[in-house]
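J.: Here it is: the structure, laid out below.
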Amino acid sequence: MAEAIVNAHYGSEWKAYSAGTKPAGYVHLKAIQVLNEIGIVHVGISKHIDELPTKDFDLVVTVCDSAAEECPVWPGRAGKRIHHSFVDPAKAEGTDEEQMQVFRRVRSEMLDVIPKLLK
């Protein structure tokens, strides 16, 4: 969701790439749904960090604790590295609507936090 939010809202200044150390191979349908709710159309698959077009970035942001732990050293150039822990909404339990509420809460937190991280 963070990649889609950055590219949709800050694409004139930033280009975001999302990748992980253990990608699922797909973008969670509920993530796509909550992005669509705010007018962001996101198409893509989850990627491994080795699949990124470059390893040199002005800013590297880890968004979950496991990524910060598993990737303590970025394999390329990172002008600045920041960690901000978001709950992994894909691990939400409960009814479909309860899970959607977790995805919406994380999306809202990202909408609040991302502009601060990009300053």
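J.: Residue pairs, Cβ under 6 Å, 6 or more apart or interchain, first in the range 10-23 and within 10 Å of Ser46 (Cα to Cα), second of a type in the set (Gly, Ala, Ser). List them.
T.: Taking only residues 6 or more apart or on different chains, the pairs are Pro23/Ser46.
J.: Sticking with this structure for a sec: Tally time: how many residues in the range 86-114 are surrounded by 12 or more Cβ atoms within 10 Å (Cβ to Cβ) and farther than 16 Å from Val63 by Cβ?
T.: Number of matching residues: 4.
J.: Can you find, within the range 36-92, the residue that is modelled with the lowest pLDDT among those that are part of a loop (DSSP other than H, G, I, E, B) and farther than 24 Å from Gly25 by Cβ? Before the answer, list the steps.
T.: Of the range 36-92, the ones part of a loop (DSSP other than H, G, I, E, B) are 38-47, 52-56, 63-64, 71-77, 84-88, 92.
Retained after the next criterion (residues that are farther than 24 Å from Gly25 by Cβ): 38-39, 56, 72-73, 77, 84.
Working: Ile38: 98, Gly39: 98, Asp56: 87, Pro72: 55, Val73: 60, Arg77: 75, His84: 90.
The qualifying residue modelled with the lowest pLDDT is Pro72.
J.: Restricting to the range 3-19, name every residue that is among the hydroxyl-bearing types (Ser, Thr, Tyr) and under 20 Å from Val34 (Cβ atoms).
T.: If the condition is that a residue be among the hydroxyl-bearing types (Ser, Thr, Tyr) and under 20 Å from Val34 (Cβ atoms), then Tyr10, Ser18 are the ones that fit.
J.: Taking the range 1-27, which residues are outside any helix (DSSP H, G or I), under 12 Å from the mean Cα position of the chain (by Cα) and either crowded, with 17+ Cβ neighbours inside 10 Å or modelled with pLDDT of 95 or more (or both)?
T.: Selection gives Met1, Ala16, Ser18, Gly20, Val27.
J.: Is it the case, given these coordinates, that Ser108 is out of contact with any Ser or Thr (no Cβ under 6 Å at 6 or more places or on another chain), in a loop (DSSP other than H, G, I, E, B) and of a type in the set (Ser, Thr, Tyr)?
T.: Details: out of contact with any Ser or Thr (no Cβ under 6 Å at 6 or more places or on another chain): yes; in a loop (DSSP other than H, G, I, E, B): no; of a type in the set (Ser, Thr, Tyr): yes.
It is false that Ser108 is out of contact with any Ser or Thr (no Cβ under 6 Å at 6 or more places or on another chain), in a loop (DSSP other than H, G, I, E, B) and of a type in the set (Ser, Thr, Tyr).
The values are calculated or read from the model by the stated rules, or taken from the named source; none is laboratory data. What you see is a predicted model, and the numbers here were worked out from it, not measured in a lab. Positions of Cβ are generated from backbone atoms using ideal geometry, with glycine treated the same way; all protein chains shown enter the neighbour counts.
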